[in-house]
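The values are calculated or read from the model by the stated rules, or taken from the named source; none is laboratory data. Just so it is clear, the structure is predicted and the values come from calculations on it, not from any experiment. Every residue, glycine among them, receives a Cβ derived from its backbone with ideal geometry; neighbour counts consider all protein chains shown.
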Amino acid sequence: MNNSLNTPPIHYLDKVIYIASVGYSGSTLLDMILGSQDDITSLGEVALLARYARDRAKCTCGEAVGDCQFWNQVEAELSKQQEKEISLKNFELTPEEVKQSIFRKLPTLTDLSLVLGNQLIWKLAHKFNNRAKLFRQSALNAINVFDIACKVDQTRIIIDSSKYALPLKSLYMELQDKFSVVFLVRDGRAVCKSLMKRQSISMEQAAKKWARYNQNLKLVMSSIPKNQIYNLSYERLCLETETVLKELSDYIGTSDPIKIKPLLKDKFHDIGGNPMRYRRNETEIKYNDNWKSSITEEELRIFEQYAGKINRSLGYD
């Protein structure tokens, strides 16, 4: 972890669009739609960058992160900027502990200060609390990477689909009006069926997890100005694509209207995300509602018990 807490200079970056969502809600699809535009660079779940570099995991282009020309250029520019050798393997963009969901136990000083979103409280928190300092340094490292990615890719807008609640807010605390959120939701019943399949968990576990993640995201976004949050559903993205893209063009402020383009995945350098990013034959937007034919009455009853209320609050009957 870089130990300096100085705010990095921003030369190329105009705006960060953070996709806030629970996994399996369509964030990879949205990330790629936006990242296919000329003045936007999508980075996927870039919070995982250091881990991907250490594990030689693949970038969406198909190369290991350490062999990817784009990420090698970012690493070289980081080293040049900081006048010392920087390795992406050690340049953490989020604390490893972030996987621990907030508010399952008594919230920490970091949790509370980020939820409140008050600059004075946050300044005091990261001055005297090591965990808060860790989160702030991770945010500053991420901003460094965002700015340099814009330089390398000759763009001005970054898409970060990392999803995590606390890193979302710590980025906002540093970027303020350069930061906007797309709060992407999907019918919780669909997401829970995916969680059950992918993570081998029960409907009860999936429903509790889905509800808690959405509650966490809503909590940290509660003190972000409403005009910096765009609410979107996966279903509307797929079924009303042209209308949604027009709204997103206005919201993001792109130079040209966002258009539907084939998702040429070997041109992307996203970190993490849905495996669909590697399936080169899937280049179009397709709506998936297979969950409706596979969910059982018992699973619906359990989902309703643990997550029905929040699902309805998000617009799902």
Take residue 8 and tell me if it is more than 16 Å from residue 149 (Cβ to Cβ), at pLDDT below 90 and part of a loop (DSSP other than H, G, I, E, B). no
Among the residues of the range 166-202 satisfying the criterion of being closer than 25 Å to residue 310 by Cα, part of a helix (DSSP H, G or I) and of a type in the set (A, V, I, L, M), which is farthest from the chain's Cα centre (by Cα)? 196
Report every pair of residues separated by at least 6 positions or lying on different chains whose Cβ atoms are under 8 Å apart, first residue within the range 119-136 and charged (D, E, K, R), second not in a helix (DSSP H, G or I). 131/95; 131/108; 133/5; 136/5
Given (1) surrounded by 18 or more Cβ atoms within 10 Å (Cβ to Cβ); (2) in a helix (DSSP H, G or I); (3) in contact (Cβ under 8 Å) with a residue 60 or more places away in the chain, identify the lone condition not met by residue 24. (2)
Only one residue in 163, 169 is crowded, with 18+ Cβ neighbours inside 10 Å, out of contact with any Leu (no Cβ under 6 Å at 6 or more places or on another chain) and touching a residue at least 24 places away in the same chain (Cβ under 8 Å), so which one is that? 163
Restricting the range 130-147 to residues that are within 12 Å of residue 49 (Cβ to Cβ) and not small (Gly, Ala, Ser), the residue that is surrounded by the most Cβ atoms within 10 Å (Cβ to Cβ): 146
Kindly evaluate residue 192 against the criterion of being surrounded by fewer than 22 Cβ atoms within 10 Å (Cβ to Cβ) and in contact (Cβ under 8 Å) with a residue 24 or more places away in the chain. no
Over the range 214-270, the set of residues under 24 Å from residue 60 (Cβ atoms), surrounded by fewer than 16 Cβ atoms within 10 Å (Cβ to Cβ) and basic (Lys, Arg) is 259, 261, 267
Assuming residue 81 fulfils every condition listed in (1) within 18 Å of residue 153 (Cα to Cα); (2) modelled with pLDDT under 95; (3) outside any helix (DSSP H, G or I) apart from one, which condition is it? (3)
Looking only at the range 217-236, how many residues end up being in contact (Cβ under 8 Å) with a residue 60 or more places away in the chain and under 14 Å from residue 314 (Cβ atoms)? 5
